[in-house]
Amino acid sequence: LTSSPYYTEVIRQLRGVFGLHKFRRNQLEAIIEALSGRDVFVLMPTGGGKSLCYQLPAVCASGQTTGVTVVVSPLLALMKDQVHALQEKSVDVFLWNSEASWDEAMQRMRVGPKPSLMYITPEKLKESNVAQNVLTELYNKQQLARFVIDEAHCISTWGQDFRDAYRDLDQLRTRYPTVPIMALTATARRNTVADIIKRLGLRDCAFFTQSFNRPNLRYIVEPKGKNWEGSMMDFIASNHPNKSGVIYCLGRDKCEEVAKKLKDRGFSAEHFHAGMTPSDKDWALDEWRSGRVHIIVATIAFGMGIDKADVRFVIHYTLPKSLDGYYQETGRAGRDGEPADCILYFQFKDFMSIKNMIERPDRDNIQATPESITRQTAAARAVVDYCLNISDCRRIQLLHYFDEKLEEKSCGHGCDNCAHSVPLITRNVTTEARAVVELVRSFQTKKESVTLIQCRDILRGAKTVVVKSKQYDKLQCYGMGQDMPSELLEQMIRRLCLDDILQENPVMQSSGYHTDYVVLGPSAEEFLRSKKVTEIQWRPKAGK
Ligand code: ADP
Ligand code: ZN
């Protein structure tokens, strides 16, 4: 690398423009390949330093490619941050978004010296003929240095972040065949990567990747049991007193509520979500960044572009929407390389909340097409599967999701699954599972309703008031699962709901509250017909 004709210039710019002294992993390699005019694919975890890979070649005077580097990125806020940071380094950069007028754009791109970088939203590129014309003009004058597609996974319909305007980026290669393309993403799934390469038409590209393993992070899944919030606070207080942390919540109200609870318990905490005014957001962020506030309770709106080194814990108060998201969000912990905890609090109900959100589009989920609903539901389901897999090492499971294999069989860092000394029990529950489904079917035939908890109580042979008054103890399957722990029976029924064999159906009562009745799901009949064995795993609590 040091023998590359561009090396001296690259180092000069690294120090002079960016004020940095060393490259991080793969940065120099990617930059040199870019300067030599190749297509480049950079796969790097969030915070790894992707921006430098295209910003630095853009300001180099030497190299096979000169002219304007056109950067396509999905998030305007992030683009603005980058543009601002570059301007502070005296780099000539132009941001072409909807705020930039046609005239201004023309002026900047046609007359006089061209900027080193032009940032543009994919929407602008797609909609505007002017943008196309400007690019064509630059192309004809050989003044297009390179196209940079940041967050390139947005082009793939495989991923959960698919953006419609990204789809048209497949035309860049056909329209401007000689201009090299650099694609960057933190999404490591193999099918997504292959899809990006195909759609962008990358040729013989230099491919840079690295392990996604974060050895200093400890991954833990905690079931939401009785008083779990209290235990969460005890955990923070005893393991990370006065240390920085993030708690991710699902909704805006929840963020505020949890932040308040923490404050009431004497913690230093603030909330952060997209519904706040920019100045409130800045303030909260500043307080947390500086360490004056320890805990930030946030929606996933928080985190893009945040890099605070000493985050000691990331807690998921509710289920993350995907494992990609989970990896990114937990990735904000322990940037300094010191140990940090990532704790996910899990209950089945949270999956239902997410499913509702996915199906009922609102401000958080604008585009709910049948296709996107299927995709997002599958992504959320993968998280539930992760939570329910209580046998394999968490780290191994996560890396496996990113198609990466860890040599070790266990993380050695005490993820919840590796840390347990109690052996795991696998139980065949085929008979009980079929009995519940038959039970629900018989209720449905009789046009009677039953709740999940009642089903559980019938199976465990409980003598509750409801059981007696409704004479459920006369049913054939009454007491059939009495040798199974109650929570295991419940887990089994919830699992059936998760697999669409049963469904929970909320019905509004005259009291104004709603009750979730269980009904047969779309996969019920197939389940009853098939001879499939149903198994469930659990770890008996110590002392039981
Ligand atoms: P990504 O886009 O991969 O999430 P960024 O490009 O935003 O990451 O970089 C994350 C942080 O790392 C930024 O604050 C950036 O200034 C810093 N950084 C990047 N490369 C280097 C380097 N070679 N030396 C020191 N800091 C770096
Ligand atoms: Zn482990």
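Just wondering, is there one or more residues in segment 263-272 that are in contact with a Phe, Trp or Tyr (Cβ under 8 Å, 6 or more places away or on another chain), modelled with pLDDT of 95 or more and part of a helix (DSSP H, G or I)? Scanning segment 263-272, I find no residue that is in contact with a Phe, Trp or Tyr (Cβ under 8 Å, 6 or more places away or on another chain), modelled with pLDDT of 95 or more and part of a helix (DSSP H, G or I), so the answer is no. For segment 365-409, enumerate the residues that are under 20 Å from Arg190 (Cβ atoms), of a type outside the set (S, T, N, Q), part of a helix (DSSP H, G or I) and free of Cβ contacts under 8 Å to residues at least 24 places away in the same chain. Correct list: Ala378, Asp385, Ile396, His400. For segment 314-340, which residues satisfy the criterion of being in contact with a helix residue (DSSP H, G or I) (Cβ under 9 Å, 6 or more places away or on another chain) and either assigned to a loop (DSSP other than H, G, I, E, B) or more than 22 Å from Tyr401 (Cα to Cα) (or both)? Passing the criteria: Tyr317, Thr318, Leu319, Pro320, Lys321, Ser322. Consider only pairs whose beta carbons are under 9 Å apart and that are at least six residues apart or on different chains; among these, list those whose first residue lies in segment 264-286 and is free of Cβ contacts under 8 Å to residues at least 24 places away in the same chain and whose second residue is surrounded by 14 or more Cβ atoms within 10 Å (Cβ to Cβ) and of a type in the set (Ser, Thr, Tyr). Note: pairs meeting the criteria are Gly275/Thr299.
Of all the numbered requirements in (1) under 26 Å from Leu388 (Cβ atoms); (2) at pLDDT below 90, Arg363 misses one, and that requirement is (1). Selection of segment 110-144 for residues being part of a helix (DSSP H, G or I) and of a type in the set (Gly, Ala, Ser) yields only Ala131. Looking at segment 291-332 only, could you name the residues that are among the hydrophobic types (A, V, I, L, M, F, W, C) and modelled with pLDDT of 85 or more? Within segment 291-332, Val293, Ile295, Ile296, Val297, Ala298, Ala309, Val311, Phe313, Val314, Ile315, Leu319, Leu323 meet the criteria.
Against the numbered list (1) in contact with a Lys or Arg (Cβ under 9 Å, 6 or more places away or on another chain); (2) surrounded by 12 or more Cβ atoms within 10 Å (Cβ to Cβ), Arg441 comes up short only at (1).
Yes/no per residue for (1) over 32 Å from the mean Cα position of the chain (by Cα); (2) within 16 Å of ligand 2 (Cβ to nearest atom); (3) at pLDDT below 85:
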position: Lys124; (1), (2), (3): no, no, no
position: Val130; (1), (2), (3): yes, no, yes
position: Gln160; (1), (2), (3): no, no, yes
position: Arg163; (1), (2), (3): no, no, yes
position: Leu172; (1), (2), (3): no, no, no
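Among the residues of segment 299-357, those that are under 11 Å from the mean Cα position of the chain (by Cα) and over 25 Å from Ile373 (Cβ atoms) comprise Thr330, Gly331. Criterion first (closer than 26 Å to Ala186 by Cβ and in contact with a helix residue (DSSP H, G or I) (Cβ under 9 Å, 6 or more places away or on another chain)) does Ala298 satisfy it? Judged against the criteria, Ala298 is a match.
Results for (1) touching a residue at least 40 places away in the same chain (Cβ under 8 Å); (2) not aliphatic (A, V, I, L, M), shown as yes or no for each residue.
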position: Gly414; (1), (2): yes, yes
position: Val422; (1), (2): yes, no
position: Arg427; (1), (2): yes, yes
position: Glu432; (1), (2): yes, yes
position: Arg441; (1), (2): yes, yes
position: Lys446; (1), (2): no, yes
position: Ser449; (1), (2): yes, yes
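Counted as qualifying within segment 1-109 are the helices (runs of 4 or more DSSP H) with 3 or more residues that are near ligand 1 (Cβ under 9 Å from one of its atoms), namely 50-59, 76-88.
The values are calculated or read from the model by the stated rules, or taken from the named source; none is laboratory data. On a predicted model such as this, the values are computed, not experimentally measured, just so you know. Neighbour counts run over all protein chains shown; Cβ positions are idealised from the backbone, glycine included.
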